[in-house]
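What follows is calculated from the coordinates using simple rules that are stated; it is not laboratory data. Everything quoted here is computed from the prediction, not taken from an experiment. Positions of Cβ are generated from backbone atoms using ideal geometry, with glycine treated the same way; all protein chains shown enter the neighbour counts.
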Amino acid sequence: MSTLLHIDSSPLYGRSVSRELTAAFVSQWKATHPDGRVIDRDLNATAMPPVNAEWVGAVYTPEQARTPQQRELLSLSDSMLAELEQADEYVIGVPMHNFGVPSVLKLWIDQIARVGRTFSYGEGGPKGLIRGKKATFIIATGGIYDAQTQRASFNFVEPYLRSVFSFLGVTDTTFLTAGGTSALNQGKDRNAFLAPHLQAVQTHAQTF
Ligand SMILES: Cc1cc2nc3c(=O)[nH]c(=O)nc-3n(C[C@H](O)[C@H](O)[C@H](O)COP(=O)(O)O)c2cc1C
């Protein structure tokens, strides 16, 4: 039985392009995996504190030596790590905010990037410990940042996610981007805008 971890990070819910596209991915995935299990993690509905000195201290304390308070401090991170470990596949919805990932997604990354759990340092340098997973990132951006365009270098979303996930061991990644969503605010028809992106997402989800 396959397990899909479905993560969203747009605060806009019903108006969100990335949420609509991840939902289409999940429906297609369920159709091709009738016995599959989906874990939903809505980062806008998850209270995640920023990491602080106590949290870092708990991470670097060997597991057997942790105090009850340190265990409690790491409990949210432990739950989110369990979701990553249980799933075989990930679909992650990402709105571009200020040229990067939204703050809730960064908070989640800070919770799951844990020495000894998702990466380690050895003689050969850092090693990612999340192995054998496939990840699809569905990104929505107001502007257009395609490789050959003037604003391409402003896009820190895809390069950042590619780097951080490969650092953690997830190298089988696909990036699907719906660029130019600001046209929707200028009256472009939503269905017409979404149609090619829904098609791309459904086609890709069928290959999972
Ligand atoms: C707080 C905020 C910051 C944004 N920053 C950018 C930006 O830097 N560049 C851009 O092209 N669009 C930006 N946008 C527009 C979003 O990327 C766009 O609305 C996209 O559709 C968001 O994904 P969503 O529809 O899933 O929420 C921003 C939107 C918000 C709400």
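Using 23 Å as the Cα-Cα cut-off, could you pick out the over-long pairs in LYS30/LYS134; LYS30/LYS127; LYS134/LYS188; LYS106/LYS133; LYS106/LYS127? The partial results should precede the final answer.
Working: LYS30/LYS134 16 Å; LYS30/LYS127 32 Å; LYS134/LYS188 33 Å; LYS106/LYS133 20 Å; LYS106/LYS127 21 Å.
Pairs exceeding the cut-off: LYS30/LYS127; LYS134/LYS188.
Looking at LEU105, ALA47, PRO62, which one has the Cα that reaches farthest to the positive end of the dipole of the chain (charges on Cβ: Lys, Arg +1; Asp, Glu -1)?
So the residue furthest toward the plus end is LEU105.
Give the long-range amide H neighbours of THR136: residues separated by 5 or more places, or on another chain, with amide H under 5 Å away, using H modelled in the peptide plane at 1.01 Å from N.
TYR90, VAL91, ILE92, THR174
DSSP loop (so not H, G, I, E, B), at most 15 other Cβ within 10 Å: list which chymotrypsin sites (Phe, Trp or Tyr not before Pro) in the stretch 34-128 pass both filters.
Of the chymotrypsin sites (Phe, Trp or Tyr not before Pro), the ones in loops of the stretch 34-128 whose Cβ has at most 15 other Cβ atoms within 10 Å are TYR60, PHE99.
Rank these for me by crowding, ILE144, ILE7, going from fewest to most other beta carbons within 10 Å.
Exposure proxy ranking, most exposed first: ILE144, ILE7.
Taking amide H atoms as placed 1.01 Å from N in the peptide plane, list the residues 5 or more away in sequence, or in a different chain, whose amide H sits under 5 Å from that of PHE119.
Counting only residues 5 or more places away or on other chains, the set is ARG114, LEU129.
In the stretch 172-194, which residues have a backbone nitrogen under 17 Å from the label point lying 7 Å from ALA147's Cα in the Cα-to-Cβ direction?
Zone members listed by number: 173-179.
Taking other Cβ within 10 Å of each residue's Cβ, how do GLU158, GLU54 sort, fewest first?
Values: GLU158 18, GLU54 11.
Least crowded to most crowded, the residues run GLU54, GLU158.
Would you kindly state the longest site-free stretch of the chain, with sites defined as trypsin sites (Lys or Arg not before Pro) in a DSSP loop (not H, G, I, E, B) surrounded by at most 13 other Cβ atoms within 10 Å? Before the final figure, lay out each step's value.
Values: sites that count: ARG131, ARG151, LYS188.
Result, exposed sites excluded: 1-130.
Enter the angle in degrees (range 0 to 90, nearest 10) between the Cα long axis of helix 17-32 and the first principal axis of the Cα atoms of the chain, meaning the one along which they spread out most.
80
May I ask you to evaluate 6.51 cos²θ - 1.76 cosθ + 1.60, the Karplus curve with θ = phi - 60°, for each residue of the stretch 195-208 and list the ³J(HN,Hα) values in order in whole Hz, giving x for glycine and proline?
Listing the rounded values in order: 3, x, 6, 4, 4, 5, 5, 5, 4, 5, 4, 5, 7, 7 Hz.
Could you state the number of Å between the C-alpha centres of the stretch 183-208 and the stretch 109-149?
Computed from Cα coordinates, the inter-centre distance equals 25 Å.
Give me a comma-separated list of calculated 3J(HN,Hα) values for the stretch 58-65, in order, Karplus coefficients 6.51, -1.76, 1.60 applied at θ = phi - 60°, integers in Hz, x for any Gly or Pro.
Karplus values, whole Hz, x for Gly and Pro: 5, 4, 8, 8, x, 3, 5, 9.
5 Å is the cut-off here: which amide hydrogens, built 1.01 Å from N in the peptide plane, fall below it relative to VAL38, excluding neighbours closer than 5 in sequence?
Close amide H contacts, sequence-distant or interchain: LEU4.
Report for the chain the percent antiparallel among DSSP-assigned beta bridges with both residues inside it, nearest 5.
Expressed as a percentage, antiparallel bridges in the chain total about 15.
On C-alpha positions alone, give me the angle between the axis of helix 103-112 and the longest principal axis of the chain, in degrees, nearest 10.
Here the helix axis deviates by roughly 40 degrees.
Relative to the longest principal axis of the C-alpha atoms of the chain, give the angle of the C-alpha long axis of helix 75-86, reported between 0 and 90° and rounded to the nearest 10°.
60
Tell me the mean residue ellipticity at 222 nm calculated for the chain from its helices only (DSSP H runs of n ≥ 4, each -39500 (n - 2.57), averaged over every residue, nearest 500).
Calculated mean residue ellipticity at 222 nm is -12000 deg cm²/dmol.
For the stretch 133-181, what does the relative contact order come out to in percent, with C-alpha contacts under 8 Å and a separation of six or more?
65
Most exposed first by the Cβ proxy, i.e. fewest other Cβ within 10 Å, how do GLU72, GLU20 rank?
GLU72, GLU20
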